Amino acid sequence: MKTDVAIIGAGPAGLMLGHLLRQQGIGAVVVERQSADYVLGRIRAGVLEQVTVDILNELGLGNRMKQEGLPHEGFFLADGERLIHIDIAELTGGSKVMVYGQTEVTRDLMDAAKDRDLEVVYEAKDVALHEIDTERPYLTYQKDGQEHRIDARFIAGCDGFHGPSRKAIPDSVGKTFERVYPFGWLGILSDVPPCNDELIYANHSNGFALASMRSQTRSRYYIQVPLDEKIENWSDDRLWDELSIRLGPEAGSRITRGPALEKSIAPLRSFVFEPMRYKSLFLAGDAAHIVPPTGAKGLNLASSDVAYLSRAFVSFFQDSKTDGIDTYSQTALARVWKSERFSWSLTSLMHRFPDDGEFGRRMQVSELDYIASSRAAQTAIAENYVGLPL
Ligand code: RFL
Ligand code: PHB
């Protein structure tokens, strides 16, 4: 098979890029290791910045999001006792975020692929990249007992943190920046009404907790747990008890309990790989960078990457211009690093670090106290939370 851009990975980055290219008449094929059901079964992001909302709307795929998504004009930080409101709409001149799950974004992109002539090959095993340092790169993969080959002008590595694309770049070219945090997030999804109409990020002396949601009837909560914690140690009851302590007396008392639809532990990491392009290979999304989920930036960074990358490919194929592809890595990384800084800073402010002791806790509480009293501090948080301009 021959196409313009061969895309590895059918997460949000790969599917959005594929659609944006097909919308402009550029050839694109996506190869995905997992089945479509497996991809939809992963419970991940919940908060969309305007950049993600805009891409879905530009693709004409925003209807369900408009009907079912929940626009949020603010969120809360909590210090164990009180709730501090960050009124993002008022502080940023009207910006909002959209609460609409990554699963739903992926489903909308997946469902539209066939109609829009975007080929997505699921269950493609042993995907391998070849000749990426030439202008005729190609992919190979195994499916149904046969080897398949896709020739392309470019390869887009949208294959997440563990995929093969980043690893195909020679060690001598790439540089990695990384911080692994000494804790993870234990998440629970349950069909119960949320305890609050806006999200709450709480720093309690027992550790961090987050109250989020997917709809008026489906809640998503997280608590910070040690890295070696076992999910079996957390019965639903124990988790609900802990959430009601960490979210503080006001919100905690409003929690409705219910059985878990999903419960899992995810480690937290900050990670950036530079550059995001090597010859004919371009990285986008988690393949190039990871943020800890505090601040909800991961999916939204995947969106800004593919916004830049699709524009660059369009001007290459339609106008034979190379400046977009030449500056892609630098342009994308400038936005990536700002989101890395915000996610790291909010993670540092809101979690208990094992080595920090009582002094560290007091520093956090006094910073939260300062934020509660300073419009300038709240504005800085709000403008990062809604997403910096492209
Ligand atoms: P994905 O979603 O990981 O998709 C990559 C795809 O590549 C496939 N793949 C391969 N395909 C072919 N061959 C191979 N060898 C392959 N290896 C891998 C994978 O199967 C997969 O389908 O990356 P992408 O598209 O870059 O999207 C990134 C986002 O998924 C991620 O950043 C967010 O989920 C992060 N995140 C959040 N982001 C937000 O913007 N807002 C949030 O509220 C938010 N909450 C979260 C999150 C991530 C979390 N976890 C579990 C890490 C909450 C959590 C708990
Ligand atoms: C979620 O709803 O899954 C979610 C929301 C906000 C975050 C991270 C995750 O910062």
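None of the figures in this text is laboratory data; all of them are computed from the coordinates on show. Worth saying up front: this structure is predicted, and the values here are computed from it rather than measured. For neighbour counting, all protein chains shown are included, and Cβ atoms are generated from backbone atoms with ideal geometry for every residue, glycine included.
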Checklist entry - Where does each of 261-270, 283-292 land if you order them by average Cβ count within 10 Å, highest first? => result 283-292, 261-270
Checklist entry - In the chain, which helices (entire DSSP H runs) extend 18 Å or more along their own long axis, judged by Cα positions, while averaging at least -1.0 on the Kyte-Doolittle scale? => result 298-319, 323-350, 357-373
Item to check | the chain, helix-only ellipticity at 222 nm - DSSP H runs n ≥ 4, -39,500 (n - 2.57), divided by all residues, nearest 500 | outcome: -11500 deg cm²/dmol
Checklist entry - What is the distance, in nm, between label points placed 7 Å from the Cα along the Cα-to-Cβ direction at D197 and at Q67? => result 2.3 nm
Next on the checklist: Could you tell me how many cubic angstrom of Cα convex hull volume the stretch 37-129 has per residue?
Outcome noted: 174 Å³
Checklist outcome for this item: Over all viewing directions the Cα convex hull of the stretch 93-189 casts an average projected area in nm² of 11.9 nm²
Checklist entry - For the stretch 77-170, what is the relative contact order in percent, using Cα pairs closer than 8 Å and at least 6 residues apart in sequence? => result 14 percent
Item to check | Pairs from K66/K175; K2/K66; K143/K167 whose Cα-Cα separation, in the structure shown, is over 30 Å | outcome: K66/K175; K2/K66
Checklist entry - With r defined as the distance between the Cβ atoms of T322 and L390 and R0 fixed at 22 Å, what FRET efficiency is calculated, to the nearest 0.05? => result 0.60
Checklist entry - For the pair V180 and D236, how long in nm is the line joining their label points, each one 7 Å along Cα→Cβ? => result 3.4 nm
Item to check | Mean shadow area of the stretch 283-388 over all directions, Cα convex hull, nm² | outcome: 8.0 nm²
Checklist entry - Of the residues R107, R82, R362, which exhibits the maximal mean-square fluctuation in a Gaussian network model of the chain defined by a 10 Å Cα contact cut-off? => result R362
Item to check | DSSP beta bridge pairing in the chain, given as percent antiparallel to the nearest 5 | outcome: 75 percent
Item to check | C-alpha center-to-center spacing [the stretch 8-55, the stretch 323-373] in angstrom | outcome: 27 Å
